[in-house]
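Just below is one structure, and these are the notes that go with it.
What follows draws every value from the coordinates through simple rules; no lab data is involved. Keep in mind it's a predicted model, so treat the numbers as computed, not measured. No Cβ is skipped: glycine too gets one built from the backbone with ideal geometry, and neighbour counts run over all protein chains shown.
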Amino acid sequence: MTHRQKLVGALVLLAAFQFLILFAGFFAPYGFAAQDREQPFAAPTTVHFWDTQGHFHLRPFIVDSESSEARVYPVRFFVSGTPYKIAGIIPAQVHLFGVEQPGRIFLMGSDAYGRDQFSRFLFGGQSSMLAGLIAALLSVSIGILVGGIAGYYGGWVDELLMRGGELFLALPWLYLLFAVRAALPLHISQWEVFLLLVSVMGLIGWARPARLIRGVVLSAKQRNFVVAARGFGASDAYLLRRHVLPQTYGVLLTQMTLLIPQYVLAEVTLTFLGLGVGEPLPSWGTQLASLQQFYVLSSYWWMFLPALLLIPLFLVFYAAADALQEIHKTVAL
Amino acid sequence: MGRTHIWAKCAALGLAVACLGAPTKARAGQASDDRMVLEGVPGHAGGRLVVALRSEPKTLNPVLAVDEPSREVIRCLSADLIHINRASLKTEPALAKSWNVSRDGRQYTLQLRRGLRFSDGAPFDADDVVFSFQVYLDEKIDSTQRDLLVVGGKPITVVKVDQYTVRFEMAQPYAAAGRLFDGVAILPRHLLEASYKGGGFSEAWNLSMAANQFAGLGPFRLKEYVPGQQVTLERNPYYWKADRAGNPLPYLGEVMFLFVPSEDAQVIRFQAGDTDALSRFSSENFAVLQKQQGTKGYHLDDLGPGLEYNFLFFNLNDLGAKNLPEIAKKQSWFQDLRFRQAVSAAIDRDGIVRLVYGGRATAIWDQVTPGNKLWVDDKIAHPKRSVERARELLQSAGYSWKNGALVDPRGKAVEFSILTSASNAQRTKIATIIQDDLSQLGITVQVVPLDFHAMVDRLQSSYNYEAAVMGLVSGDADPTSEMNVWLSNGETHLWHPNQAKPATPWESEMDGLMEKQLVTLDYAKRKQLYDRVQEIVAEELPVICLVSPNILVGAANRVGNFRPAILVPYALWNIDQLYVQ
């Protein structure tokens, strides 16, 4: 497989996944906050095609064995259910699949409140994915600006910016976040939470990419073709844009792909400090956080499912970044 | 509760006890001693009990200890004059073998046991008691027990009558005076007087000192402290209790406290057999441990509801001086009794019991839990959850619904936030369930989990909150331990602490009842008064009581005489009687 094919494959997968998340309301059978208090920590529902007599049914069905006599609920498609908004704008209430009440279909089991994990995973992706992406972009952008300037100009500018960056790394963030939380009003709207998450994560994370980029810029500007271009009278801006910064793409991409999963996890800490996505809104961070408890780990294997799904997702991210870098290298050569 | 306790059996057994295995040095002193004899199955001497502590003890000084791990260790090293028996919840003689109360209920005269020795062999007498109370009552030392020893605004006075008699005097009669002495560890004057007089008491008995610098009257004495790992205690050969067969107590040769920092890690160590007893763990972990109960050599006990009550409350503070206009506006809802009643009616307490505690808890409607059998008021109604009734109440108070959202009589949408402590998973879960329940009334609720200290700061000083889910654990079954919660000038009067004068007629009534029960000596009369306090709480709903979790404990099968109780310390309160097979 060529790098280009690999890239296309990864991008298609990512796009498909983003599509699922974007239309979470349609693909999820339930709302993210819907509790079924009779079924906390319910195991994933088995979807059957064959009945007890061994007959095959084209329409899958589930069996509710919890109640006194087992009841069969056929899985129905394009059913009307909890209202939701497509991409947060267009109201709708058709869901891809569902079962008749009081039956419940939990593809990935239910959580401590009897909420459908599958639905929460899809809805959780909306905030986590977007926040992670934007925050990573923010970090890397600040990193490229600071690192680029520091590396290219050197001297006291370099000293100032890099020491500033170190100061940032050394700050006791936990206490700073306590202070941020204390300064904020108790009520924070969904959008404010989102902006807060993005800005906190983005601002905390820029120092490391900035250092790496500075290193690459420092070596790039010594290269013969850069020195030659400068000899021909190229301006600083032209040199940076045309010759130096393109050398940093590889570092940038790897940084991005490393930062996104990190930020999804950072959300767990932020939520703990009251700065993250609050209940009942779902996020991948809070779904993963429940795994920190011994009883969840030892008793309810399906609580791992969100984590297991995130591993291939992040691997696809890495694969895309890897392919991009390889392609870039080939082009550069 | 009788007013005079005489413990006579011990003297008769004194001689028999002294011949059994105690070191020679002790024997001389104990020939005429007043040993206390405990009922229970006689056990085997020797062996070691291992338990886990959540963190390292910060000090072994009973006067200065505030954290639970320190107190847990200190309980094994020290003894008090009168003790609350954790099984009966009643007082019993300890270092004082008997006591008399004067007619007016203000004077307590205690007869001390004779011939007792500290764990270093030094004799114990009234001078140690007088010295101990002098230290506890010293304002400069700032002991947490001091507040309890101030009755009617004045500190208790202590007078030595003779070598084995002390008299305590209080400014006013005090119903539960015997219970005051529980947990007030008697200090060895010969070891601590110098540092107290020299001004170095705040440093005395920290863990960096050598083991022979410590001495107490408890069943064990310090053997070794390994920072970051464990504290080991060894048997105190001078201990003053014996079993009914005359064997000296304690049975255990050693007690080892391991430092295991999280509940989950403690559960895993217990499951693996590394520790012998476990308390303070969640119902979820109880369920995990239960699966292997038969095969792993331990057993679990669910003791039913303890003394902890969890509740929701609203900010009813006078916000005049604080600049919090948004919250002040919302207080018009919170101050309306019908609003609070509607919220209470809409909350699914049974759902909380099931989802948060896996069924190992009890729904409650006032502050006294069914675990507190002496004081619970059976007449308090337990209305079922009813969203319809909640809607009716809101309607009668002038609220209406617009597109499904509740709006107040002025047309403002009803929306508020509930604070919880982020480190308490159960309470955050309770708040999340309330959020969902109230959404059925059209109320939008935000759950705001905050770091514990940030939360307490908002509740106690800035008053910058709207509602909160909290829990309190009574230190004792007696209502006197709850004075600071129900008195309107109390610091823990959470919804409106430190009032100069009662803000509402019912708070004024509650003040009167609480103060009266404090000086009433007759249990039946006190019960009547405290029942009325419970009724007021259930009617006026200053706190909407929700649930009381069960006390869950576990112990290895090899531990004998294990009799856990609902009062702190749940598992090891009778450590002097525990033995290992």
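With neighbours defined as other Cβ atoms within 10 Å of a residue's Cβ, the residues B:TRP401, B:TRP486 order from fewest to most as B:TRP401, B:TRP486. So what's the gap between the Cα centers of the stretch B:279-300 and the stretch B:208-253, to the nearest angstrom? A separation of 29 Å, based on Cα centres. For the stretch A:100-172, a Kirkwood radius taken over Cα pairs fed into Stokes-Einstein (4 °C, viscosity 1.567 mPa s) yields D = 80 µm²/s. Where a ≥ b ≥ c are the square roots of the eigenvalues of the C-alpha gyration tensor, would you call the stretch A:45-105 rounded, which needs a/c under 1.5, or, failing that, prolate if a/b is larger than b/c, or oblate? Cα axes put the stretch A:45-105 in the prolate bin. In the protein assembly as shown, the alpha-carbon atoms span a convex hull of 225 Å³ per residue. One Cα centroid belongs to the stretch B:523-581, the other to the stretch A:103-166; the line between them spans 47 Å.
Sequentially through the stretch B:246-254, phi angles give Karplus couplings (6.51, -1.76, 1.60; θ = phi - 60°) of x, 6, x, 9, x, 7, 5, x, 8 Hz, Gly and Pro residues having no value and appearing as x.
By count of other Cβ within 10 Å, fewest leading, how are B:VAL407, B:VAL231 ordered?
Numbers: B:VAL407 16, B:VAL231 25.
Fewest-to-most Cβ neighbours within 10 Å comes out as B:VAL407, B:VAL231.
Using the Cβ-Cβ distance between B:VAL387 and A:GLU192 with R0 set to 35 Å, the FRET efficiency from 1/(1 + (r/R0)^6) comes to roughly 0.70.
Near the amide H of B:ARG244, within less than 5 Å, lie the amide hydrogens of B:LEU38, all on another chain or at least 5 residues away, with H placed in the peptide plane.
Distances between every pair of Cα atoms in chain B, grouped in 10 Å steps from 0 to the bin holding the largest one, split as 3, 16, 25, 25, 18, 9, 3, 1, 0 percent.
How many percent of DSSP beta bridges within chain B run antiparallel, rounded to 5?
Numbers: 63 of 82 bridges.
Of the beta bridges lying entirely in chain B, close to 75 percent run antiparallel.
What are the semi-axes of the equivalent ellipsoid of the stretch A:119-332, taken as the square roots of 5 times the eigenvalues of the Cα gyration tensor, listed largest first and rounded to whole Å? Could the numbers behind the result be given before it?
Numbers: eigenvalues 283, 92, 34 Å².
They are 38, 21, 13 Å, listed from largest to smallest.
If both residues of a DSSP beta bridge must be in the protein assembly as shown, then about 80% of such bridges are antiparallel. Near the amide H of B:VAL543, within less than 5 Å, lie no amide hydrogens of residues on another chain or at least 5 residues away, with H placed in the peptide plane.
Of B:PHE311, B:PHE201, A:PHE19, how do they rank once you tally other Cβ atoms within 10 Å and put the fewest first? Numbers along the way, then the final one.
Values: B:PHE311 24, B:PHE201 20, A:PHE19 10.
Listing B:PHE311, B:PHE201, A:PHE19 from fewest to most nearby Cβ atoms yields A:PHE19, B:PHE201, B:PHE311.
Computed from backbone phi with θ = phi - 60° and the Karplus coefficients 6.51, -1.76 and 1.60, the 3J(HN,Hα) list for the stretch B:558-568 is 6, 8, x, 6, 6, 10, x, 9, 8, 9, 4 Hz; x is used for glycine and proline. Under 5 Å between amide hydrogens, built in the peptide plane, is the criterion, and for B:ILE418 it picks out B:GLN446, B:VAL447, B:VAL448 among residues at least 5 positions away or on other chains. Using θ = phi - 60° in the Karplus curve 6.51 cos²θ - 1.76 cosθ + 1.60, the 3J(HN,Hα) couplings for the stretch B:140-148 round to 5, 6, 6, 7, 5, 6, 4, 3, 5 Hz; x is entered for Gly and Pro.
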